[in-house]
Number of protein chains: 2
Amino acid sequence: MKLFNSFNKIVLVVEYDGRRYYGFQWQANLPTIQAELERAIQKLTGESSRVMAASRTDAGVHARGQVVNFRTKSTLSPQTFVRALNYYLPKDIAAKAACRTSADFNVRRDALSREYDYCILNSSTRSPFARGFAYLVANKLNIEIMNKACQFLVGEHDFASFATSLGELKSTVRNVYEAKLTKEDGLVTFHMVANSFLPHQVRNTIGLLIRVGLGKVGLEEFHQIMEAKTLGLAGPTAPAYGLCLTKVNYPSNLGLEI
Amino acid sequence: MKLFNSFNKIVLVVEYDGRRYYGFQWQANLPTIQAELERAIQKLTGESSRVMAASRTDAGVHARGQVVNFRTKSTLSPQTFVRALNYYLPKDIAAKAACRTSADFNVRRDALSREYDYCILNSSTRSPFARGFAYLVANKLNIEIMNKACQFLVGEHDFASFATSLGELKSTVRNVYEAKLTKEDGLVTFHMVANSFLPHQVRNTIGLLIRVGLGKVGLEEFHQIMEAKTLGLAGPTAPAYGLCLTKVNYPSNLGLEI
C-alpha cells in the first residue's frame, strides 16, 4: 500500500521553430521552449513540473527531434499527453510522441548521441522558403573539399578549438560519429552526430567548413586549427537559425513511435 | 536609326510564400504578388510596367518557379534586375533568375506545361515546420490506391468535374502529363503536370484523392466522378496553403539559369 502519491515520468519528442525563442532553457521574462512546455503541462495537469531537455538548444535554433522528460502525478496516457499538450502549446511548438519511462531514466544522461543538421542555401539569390531556416551563402561552395575536411572530425578528439565557451565543462573531448555534407537543389545540409556537443560546436564547425568550401582555408590549416585545441580558434560561428536538432538516440527506442 | 524608344522584354523566375497574399493577380487595396512585383519594378526603373504570370495562383498558394514577364525601357542586365528587385521586394517574394526575350514572347501563351506540388502532412500530430505549407491529414492515407486513381487522370480528358468555376474558359479539356504521389517521413507530395489547369483543378483533384486514400471513395467511383464531366463534382477543395507552383516549362529553357 502506497502512503504517498508516486510520480510518473513522461518522455516527449518535441518539434519547434526556434525563431521566436531565446533558446530551450528557462530565462526570466523571455520566451523559451522550456517555459512554454512547463506552462502547457501546468494547464493540463495543474502541476508545476520541471522539464529537462536532452540537448539544450540556443536562441533561434530549431528542433525536429528534441527529447524532454518531466514528472507528473497525472495518469493520462502518453498519447493523451501528446494530443492535449498540442492543444495548449503555441503553433511553433508541437509534441510529436510520448512514452512513460522508469523514474530513474534521464533524457540527458541516458542519451547515446545527438544529431544536428545545419542548412545552407548556396545560391546567389535569397529564398522566401529558406528564410529563418537556412544560412544564405552566395559564393559557390566546394562540397567535395568540405567533406574531406569532415573526415578529420570523425572519431574521439579534443574539440576545444570548436567551442566558444566552456562554462562548467570539464572535458573538451567528444566522440564524433558522423560529419558530412550533402547537396540537393542548392540546399546544402551538414549532418553531424556525436555523443554530445560543446557549446556552439556545430555552428563553429560549419563556420570553418564554409571557409574551406570557399577556398579561404586549406585542409592542412583546418587540421592545424583542430590540433591547436585552443578555445574559439575555429569559426566564425554560423547563425543560429540554420541549425536544427534532428534526433536524440537512446539504447532502446523507448517505445516511442513517431 | 530608331525614332522611338524600344522596349525590352524581361522574363523573371519568381519564388513566393503566398500566405500573406490574395493571390497573384492585382486587386484594389489588397496585397498581391503582381502588385509587389510592379511596385519593385517601378522603384527600380521608374516605369509603370504591367507584370503577367504564366500561371495565376490563388490566395495563399505558394510558388517556387512562377514565371512572369514585363516590358521595360531599362537596359539593366537581367542579372542586375534579379539583384536589384530582391532589394526592393518584401522578404516573402524573391526573384531567382532573369533573361531578356523577344518582344513577342509571352510567358502564358508560350508555356508548354505547368507543374504543381500539393503537400500533405499525414500525421496524427501537427508540425511547426509544415504550418502554412502542408495540409494536415491525421488518418493514414493509402498512397498506393491513391496512385492507382492518379492513372485515370493522365492523358487528354475533359476535367469539368475537377473545376470549381469556369469564368471565361471555353474548354474543360486538359492534357495531364503526370499525376503521382510520393511519401517521405510522413510528408506526402502530390505532383501534377499539365498543359494548363482549370480553376482549383489541383486542389479539387487532391481533395478527391484524399477521400480515395481514406477509403471513402473507391477507384470505380473516382472514375465515375471524372466521367460525369460535371462542374464541381470532385473535391472537396483542399486548402490553398498546401499548393505550390513549382515549375513552368517552355520550348527552350529561355537561357534561364536558376
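The values are calculated or read from the model by the stated rules, or taken from the named source; none is laboratory data. Just so we're clear, the structure is a prediction, and the values are computed from it rather than from any experiment. We place every Cβ from the backbone using ideal geometry, glycine too, and count neighbours over all the protein chains shown. Surface accessibility is based on the protein's heavy atoms, side chains included, excluding ligands, DNA and RNA. Shrake-Rupley method; radii C 1.70, N 1.55, O 1.52, S 1.80 Å.
Suppose we filter region A:80-99 for residues that are touching a residue at least 12 places away in the same chain (Cβ under 8 Å) and assigned to a helix (DSSP H, G or I); how many remain?
Count: 5.
Here's a check for you: in region B:58-74, which residue that is out of contact with any Ser or Thr (no Cβ under 8 Å at 6 or more places or on another chain) and open to solvent by 10 Å² or more (accessible area, probe 1.4 Å) is nearest to B:CYS119 (Cα to Cα)?
B:GLY60
What residue, among those in region A:5-40 that are in contact with an Asp or Glu (Cβ under 7 Å, 6 or more places away or on another chain) and touching a residue at least 40 places away in the same chain (Cβ under 8 Å), is nearest to A:LYS73 (Cα to Cα)?
The residue in question is A:TYR16.
Quick check on region A:78-105: of everything there that is polar (S, T, N, Q) and at pLDDT 95 or above, which residue is farthest from B:ASP185 (Cα to Cα)?
A:THR80
What residue, among those in region B:80-93 that are open to solvent by 40 Å² or more (accessible area, probe 1.4 Å) and of a type in the set (Phe, Trp, Tyr), is farthest from the other protein chains (Cβ to nearest Cβ)?
The residue in question is B:TYR88.
Identify the residue in region B:115-174 that is within 14 Å of chain A (Cβ to nearest Cβ) and among the aliphatic types (A, V, I, L, M) and, among all such residues, is farthest from B:LEU219 (Cα to Cα).
B:ALA130
Does B:GLU168 satisfy being open to solvent by 20 Å² or more (accessible area, probe 1.4 Å), outside any loop (DSSP other than H, G, I, E, B) and without any contact (Cβ under 8 Å) to a residue 40 or more places away in the chain?
In short, no.
Which residues, taken from region A:207-224, are buried (at least 19 other Cβ atoms within 10 Å of the Cβ) and either of a type in the set (S, T, N, Q) or assigned to a helix (DSSP H, G or I) (or both)?
A:GLY207, A:LEU208, A:LEU209, A:ILE210, A:ARG211, A:VAL212, A:GLY213, A:PHE222
Please work out which residue is farthest from A:ASN249 (Cα to Cα), limiting yourself to region A:29-48 and to residues that are under 22 Å from the mean Cα position of the chain (by Cα) and not in a helix (DSSP H, G or I).
Across region A:29-48, the extreme among qualifying residues is A:LEU30.
Can you tell me which residue among A:SER55, A:SER102, A:SER77 is open to solvent by 10 Å² or more (accessible area, probe 1.4 Å), among the hydroxyl-bearing types (Ser, Thr, Tyr), away from every other protein chain (no Cβ under 11 Å) and without any contact (Cβ under 8 Å) to a residue 40 or more places away in the chain?
Selected residue: A:SER77, the only one of A:SER55, A:SER102, A:SER77 that is open to solvent by 10 Å² or more (accessible area, probe 1.4 Å), among the hydroxyl-bearing types (Ser, Thr, Tyr), away from every other protein chain (no Cβ under 11 Å) and without any contact (Cβ under 8 Å) to a residue 40 or more places away in the chain.
Of the conditions (1) out of contact with any Pro (no Cβ under 7 Å at 6 or more places or on another chain); (2) surrounded by 19 or more Cβ atoms within 10 Å (Cβ to Cβ), A:SER48 satisfies every one except a single condition; which number is it?
Every condition holds for A:SER48 apart from (2).
Of the residues A:ALA111, A:ALA134, A:ALA149, which single one is touching a Cys at 6+ places or on another chain (Cβ under 6 Å) and either farther than 28 Å from A:TYR250 by Cβ or open to solvent by 10 Å² or more (accessible area, probe 1.4 Å) (or both)?
Of A:ALA111, A:ALA134, A:ALA149, the one residue that is touching a Cys at 6+ places or on another chain (Cβ under 6 Å) and either farther than 28 Å from A:TYR250 by Cβ or open to solvent by 10 Å² or more (accessible area, probe 1.4 Å) (or both) is A:ALA134.
Criterion first (assigned to a strand (DSSP E or B), open to solvent by 20 Å² or more (accessible area, probe 1.4 Å) and outside the structural domain of B:VAL14 (by TED's automatic domain parsing)) does B:TYR177 satisfy it?
On the way: assigned to a strand (DSSP E or B): yes; open to solvent by 20 Å² or more (accessible area, probe 1.4 Å): yes; outside the structural domain of B:VAL14 (by TED's automatic domain parsing): yes.
Yes.
Pick from region A:180-190 the residues that are in a strand (DSSP E or B) and open to solvent by less than 50 Å² (accessible area, probe 1.4 Å): which of them is nearest to A:THR230 (Cα to Cα)?
A:PHE190
For A:VAL193, only one of the following conditions fails: (1) over 19 Å from A:VAL137 (Cα atoms); (2) free of Cβ contacts under 8 Å to residues at least 60 places away in the same chain; (3) assigned to a strand (DSSP E or B). What is its number?
(2)
Out of region A:148-160, which residues are out of contact with any Lys or Arg (no Cβ under 6 Å at 6 or more places or on another chain), under 17 Å from A:THR230 (Cα atoms), in contact (Cβ under 8 Å) with a residue 60 or more places away in the chain and not aromatic (Phe, Trp, Tyr)?
Residues of region A:148-160 that are out of contact with any Lys or Arg (no Cβ under 6 Å at 6 or more places or on another chain), as a first pass: A:148-149, A:151-157.
Right, trim to under 17 Å from A:THR230 (Cα atoms) and you get A:152-153, A:156-157.
Remaining after also requiring in contact (Cβ under 8 Å) with a residue 60 or more places away in the chain: A:152-153, A:157.
Scanning region A:148-160 gives A:LEU153, A:HIS157.
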